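**Student:** Would you mind keeping the following structure in view while I ask a few things?
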Amino acid sequence: MAHEQVESRLMAYGHTACAGCGEAVAARTVAEAAGPDVIIANATGCLEVFTTRFPRSSWQVPWIHSLFENAASVASGIEVALKALGRAGEVKVIAQGGDGATADIGMGAISGMLERGHDILYVCYDTEVYSNTGYQRSGLTPLDALTTTSPAGAMSWGNATRKKDLPAIFAAHGAVYVATSTAGFPTDITRKVKKALSLAGPRYLQIHCPCVAGWGIDSSKGIRLARIAVNSGLYPIFEMEEGVLTRVRKIKPDELLPVVEYLKEQKRFSHLFKSPGGRDHIEAIQLAANSNIERYGLMT
Amino acid sequence: MKEIRIHGRGGQGNVTLGEFLAEAAFAGGLYAQAFPMFGSERHGAPVTAYVRISDRPIRLRSQVYEPDHLIVQDMSLFAGNDLTGGLKEGALVVVNTSGPVGDLGIAEGFRVVGVPATELALEVVGKPIINTIMVGAFAGASGEIEMDALEKSVRERYPGELGEREIVAMRRAFEMVQGAVR
Amino acid sequence: MREMMEGSSAVAESVALCRPKVVCAYPITPQTHIVERLARLHAEGRLDAGYVLAESEFTAASVVLGASATGARAYTASSSQGLLLMTEVIFNIAGMRLPVVMTVANRAVSAPINIWNDQQDSMSLRDCGWIQMYAEDVQEACDMHLQAFRIAESLNIPVMVCMDGYILTHATEPVDLPSAGEADSYLPPFEPRFHLTPTDPMTLGAMAGPDAYMEVRMLLHRSMQQAAGTIRQAAVDFHEMFGRYAGAQLDTYHADDAEVLLVSMGSLLGTMKDAVDELREEGHPVGIVKVRTIRPFPRSELHDALHRARAVGVVEKDISLGLEGILCSEIRSAFCGAAETPGISSFVAGLGGRDIRKEQIKEIALGLLSDNTCRVEVTGLDHEVLWRAHEEE
Ligand SMILES: Cc1ncc(C[n+]2csc(CCOP(=O)(O)OP(=O)(O)O)c2C)c(N)n1
């Protein structure tokens, strides 16, 4: 069924996201960078919901939503069809979804897409939580973060697992381009989307997106926090081509911040500051950031 | 049976407000039911919550079309929405506003009460938590809900210092609206 | 003690009272509050179970399959897309005769995507070999979970407890939960009839060829057909212990002398009862038959409950596209071969969260009183939207 479209941007502001939504900023930046000659397959999630409430759509590019778990497979079908119909050169294909769609329920489908070598850019909007359904944990939820399915309690310090290393996993599949970016630096997103789309083959871009309600932050603080995530080493920003690290966003020595600066502003980490045992947990998170700095050479 | 409709936006504690009312009525020996209707669960999206209170078990599950009372947590919702649609003659309308209720453009025939809930919340609670204030105002203006029962519900849900401040604000609202019915 | 509780919280507490040993569920609106409450109970040390955060419903269903096969009482919950994603495992759980219990928070099915209530999701899975029970209110949903584990474990048939999403999962109302001791005396610890263990190695999930497959399926079919007694006993014993009875496979309301009988499942029955009270006051002989289990299908009980009426109106929140309401077709089958048959009509209503008003129910009943011809109707349609959509096609 056709939808009534609003405004003339590729992804219009006529959407209904929360104030301060990082995912909205990132998705819009991706759409603008990709340009009009694109087909987007979108997984179920906030982005799908806030851009397409019947009878409206924010999308000015062809766009399809099927299910939560199958965006990469639907995109595979689109890409194969374009080739079969002799239209492959004209149109790019993007698949996109949240961290839940990407790291959890749809990961098998992405694995298949990468393995088959489809000419698709998969974009993950990493809010580190299932935003759409009320903030449950995902495989990209960081250690100790509170979510509604990883609450703190006598038996729990919040999320018990480390963030799944999707870029490494997807690079190991042989993806031609794997990169991370952040809503904190939209120009970085633009550059990476353009670069990714200039290459052929399966590509993966993971964008850190603040979620106001999911993180428990003030709606004006998301972008700043996203930058602190980068400048503390917690969210390394890098590019890998053919499995090799080719470029990182460096942290200048005077920009380096301790992880406490990041954690203390967010309700999802507030329990770490309330009881003495939290100090060890914060320490462990700092060590993880340090090891990112080392592993990706963020300061050298 | 009394039916109450609550209008607000996601994040304003509309559902909880309904639950406070239902719990307090239940504590007073009545049957009660509270349930929400979400547009989507997003912050800021319009949310409607419903409460039914009766001296008999409540089986009806439809939305409320002809409420006895209305609570409006966000007066911006009056624009473009027929909030008083179906409202019973003489119904009580409790609105979060710091201005005169006459400016809201509400039709005649209802008892309208304004409460500056947002200001009161910032002043007393230190945070824009308005639902406890609105429920206090409703209790004060309607005389249908016991404050003791409300306080108990609030305390159970928000134990600690924040909850106590909310209760102070709730009492202020309760007193503020005594005799304020238009 | 009766207290005010939100449906999902009350159900989660009831599940905890059943002492499952493994809980694994994946969040989906409107089931989320159930899994969130269970997560909290687990974090607080009040749910002594392996609590697994799965990466999909497919995994959640598979985890409870594995757990149940290992002899643990296992529980999951889902809704809509999640339930459908589980489908393959759901058939498997039943075929293996594993007594898993699952809550379904009933929700519409995509496309178009819709998070609101109807019963298309579980109704579409009625042939999977699970017992399916539908709760009318939060209290019944809670009580049903205790009954469900008992039924499942005594028959080795999995049970779905279906409750209307939002309407029940998000409703706060008075609920009486048993104490842990009471729950324990109603639901004894799980004694698996078989399980995976090296001391008595068994093979689960073996292949059955054309020489045996039919027989294995027939065994499940027959157990299902013979489940009536167990389901009744679970309800009767429950009544005896807790003083609450909401029917076994059926229940009736003002049905004895009714010329028109309305049939439905789930939370709509409440609204329907209010409508019937008003109709009775106005002098109209209208009654209700509540279907509590659609599988096993209480065919002869339904025949007996309905056959004296002139007209039967089946009001349901699902549709077999291209035919009619699913329950209606099945009710027609209860009259196969009967000499006299009431006029049985299908009323599809409330799809995708469309509200159903008491007045709508009264209109249906009054319509059937004046004309009992069999018909299929969709009630509560917005003809303007329909027309617009049609134009676009
Ligand atoms: C099979 C299936 N299971 C569950 C859901 C419910 N559901 C919809 S979106 C979502 C979470 C989305 O989280 P994420 O992918 O991180 O995207 P976000 O909303 O954070 O952008 C869930 C659990 C569904 N639609 N389908």
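**Student:** Out of curiosity, is C:V89 in contact (Cβ under 8 Å) with a residue 24 or more places away in the chain, farther than 30 Å from C:K273 by Cβ and more than 14 Å from chain A (Cβ to nearest Cβ)?
**Tutor:** yes
**Student:** Does segment A:74-94 contain any residue that is out of contact with any His (no Cβ under 9 Å at 6 or more places or on another chain), under 16 Å from A:A175 (Cα atoms) and touching a residue at least 24 places away in the same chain (Cβ under 8 Å)?
**Tutor:** yes
**Student:** Something else now. What pairs come out if I take residues in segment A:130-148 that are facing another protein chain (nearest Cβ under 7 Å) and within 22 Å of A:I169 (Cβ to Cβ) and pair them with residues that are part of a loop (DSSP other than H, G, I, E, B) and more than 7 Å from the ligand (Cβ to nearest atom) whose C-beta lies under 6 Å away, six or more apart or interchain?
**Tutor:** A:Q136/A:T148; A:Q136/A:T149; A:R137/A:T149; A:R137/A:N159; A:G139/A:K164
**Student:** Is segment C:189-207 home to any residue that is away from chain B (no Cβ under 14 Å), surrounded by fewer than 15 Cβ atoms within 10 Å (Cβ to Cβ) and not in a loop (DSSP other than H, G, I, E, B)?
**Tutor:** Within segment C:189-207, none of the residues are away from chain B (no Cβ under 14 Å), surrounded by fewer than 15 Cβ atoms within 10 Å (Cβ to Cβ) and not in a loop (DSSP other than H, G, I, E, B).
**Student:** Would you please name the residue that is surrounded by the fewest Cβ atoms within 10 Å (Cβ to Cβ), looking only at residues in segment B:9-53 that are away from chain C (no Cβ under 11 Å) and hydrophobic (A, V, I, L, M, F, W, C)?
**Tutor:** B:A45
**Student:** Before we move on, is C:T103 within 23 Å of A:N70 (Cβ to Cβ), in the same structural domain as C:A148 (by TED's automatic domain parsing) and under 23 Å from the mean Cα position of the chain (by Cα)?
**Tutor:** Answer is no for this residue.
**Student:** Look at B:G90 and say whether it is surrounded by fewer than 20 Cβ atoms within 10 Å (Cβ to Cβ), in contact (Cβ under 8 Å) with a residue 24 or more places away in the chain and more than 15 Å from B:T48 (Cα to Cα).
**Tutor:** No: the conditions fail for B:G90.
**Student:** Oh, and also: Are there any pairs with C-beta distances below 7 angstrom linking a residue in segment C:49-66 that is free of Cβ contacts under 8 Å to residues at least 60 places away in the same chain and within 12 Å of chain A (Cβ to nearest Cβ) to a residue that is aromatic (F, W, Y) and within 12 Å of the ligand (Cβ to nearest atom), with the two at least 6 apart or on different chains, and if so which?
**Tutor:** C:A54/C:Y26; C:S56/C:Y26; C:E57/C:Y26; C:A60/C:Y26
**Student:** Can you go through A:L234, A:L245 and tell me which one is away from the ligand (no atom under 16 Å from the Cβ) and over 16 Å from the mean Cα position of the chain (by Cα)?
**Tutor:** A:L245
**Student:** Still on this model: Going by what's in this entry, would A:T148 be described as within 16 Å of the ligand (Cβ to nearest atom), out of contact with any strand residue (DSSP E or B) (no Cβ under 8 Å at 6 or more places or on another chain) and not basic (K, R)?
**Tutor:** Answer is no for this residue.
**Student:** Based on what the data block shows, is A:Y125 at the interface with another protein chain (Cβ under 9 Å from one of its Cβ atoms), of a type in the set (F, W, Y) and either within 14 Å of the chain's Cα centre (by Cα) or within 16 Å of the ligand (Cβ to nearest atom) (or both)?
**Tutor:** Judged against the criteria, A:Y125 is not a match.
**Student:** Taking the residues in segment C:92-107 that are among the small types (G, A, S) and away from chain A (no Cβ under 13 Å) as candidates, determine which candidate is surrounded by the fewest Cβ atoms within 10 Å (Cβ to Cβ).
**Tutor:** Residue satisfying both the conditions and the ranking: C:G95.
**Student:** Right, something else. In segment A:20-36, which residues are within 14 Å of chain B (Cβ to nearest Cβ) and in contact (Cβ under 8 Å) with a residue 60 or more places away in the chain?
**Tutor:** A:G20, A:C21, A:G22, A:E23
**Student:** For segment C:212-251, how many residues meet the condition of being over 26 Å from C:L306 (Cα atoms), exposed (fewer than 14 other Cβ atoms within 10 Å of the Cβ) and hydrophobic (A, V, I, L, M, F, W, C)?
**Tutor:** 5
**Student:** Taking the stated definitions as given, is A:D119 more than 14 Å from the ligand (Cβ to nearest atom), surrounded by 17 or more Cβ atoms within 10 Å (Cβ to Cβ), of a type outside the set (S, T, N, Q) and within 25 Å of C:Q31 (Cα to Cα)?
**Tutor:** no
**Student:** So A:Y296 clears everything in (1) hydroxyl-bearing (S, T, Y); (2) closer than 19 Å to A:R137 by Cα; (3) under 22 Å from the mean Cα position of the chain (by Cα) except one condition, right? Which one?
**Tutor:** (2)
**Student:** Follow-up. Please count how many residues of segment A:7-20 are farther than 11 Å from A:T51 by Cβ and either modelled with pLDDT of 85 or more or not in a loop (DSSP other than H, G, I, E, B) (or both).
**Tutor:** Total meeting the criteria: 3.
**Student:** Still on this structure, I have one more. Could you check how many residues of segment B:54-64 are more than 7 Å from every other protein chain (Cβ to nearest Cβ) and over 14 Å from B:Y31 (Cα atoms)?
**Tutor:** Within segment B:54-64, residues that are more than 7 Å from every other protein chain (Cβ to nearest Cβ) and over 14 Å from B:Y31 (Cα atoms) number 1.
**Student:** Go through segment C:242-277 residue by residue and tally those that are in a helix (DSSP H, G or I) and in contact with a Pro (Cβ under 8 Å, 6 or more places away or on another chain).
**Tutor:** The qualifying residues number 1.
**Student:** On to the next question. Of the residues A:A154, A:A171, which is of a type in the set (A, V, I, L, M, F, W, C) and facing chain C (nearest Cβ under 9 Å)?
**Tutor:** Exactly one residue qualifies, and that residue is A:A154.
**Student:** Output the residue which, of all residues in segment A:197-222 that are within 16 Å of A:Y130 (Cα to Cα) and more than 14 Å from chain B (Cβ to nearest Cβ), is surrounded by the fewest Cβ atoms within 10 Å (Cβ to Cβ).
**Tutor:** The residue in question is A:Q206.
The values are calculated or read from the model by the stated rules, or taken from the named source; none is laboratory data. Worth saying up front: this structure is predicted, and the values here are computed from it rather than measured. Neighbour counts are summed over all protein chains in view; Cβ atoms, including those assigned to glycine, are modelled from backbone coordinates with ideal geometry.
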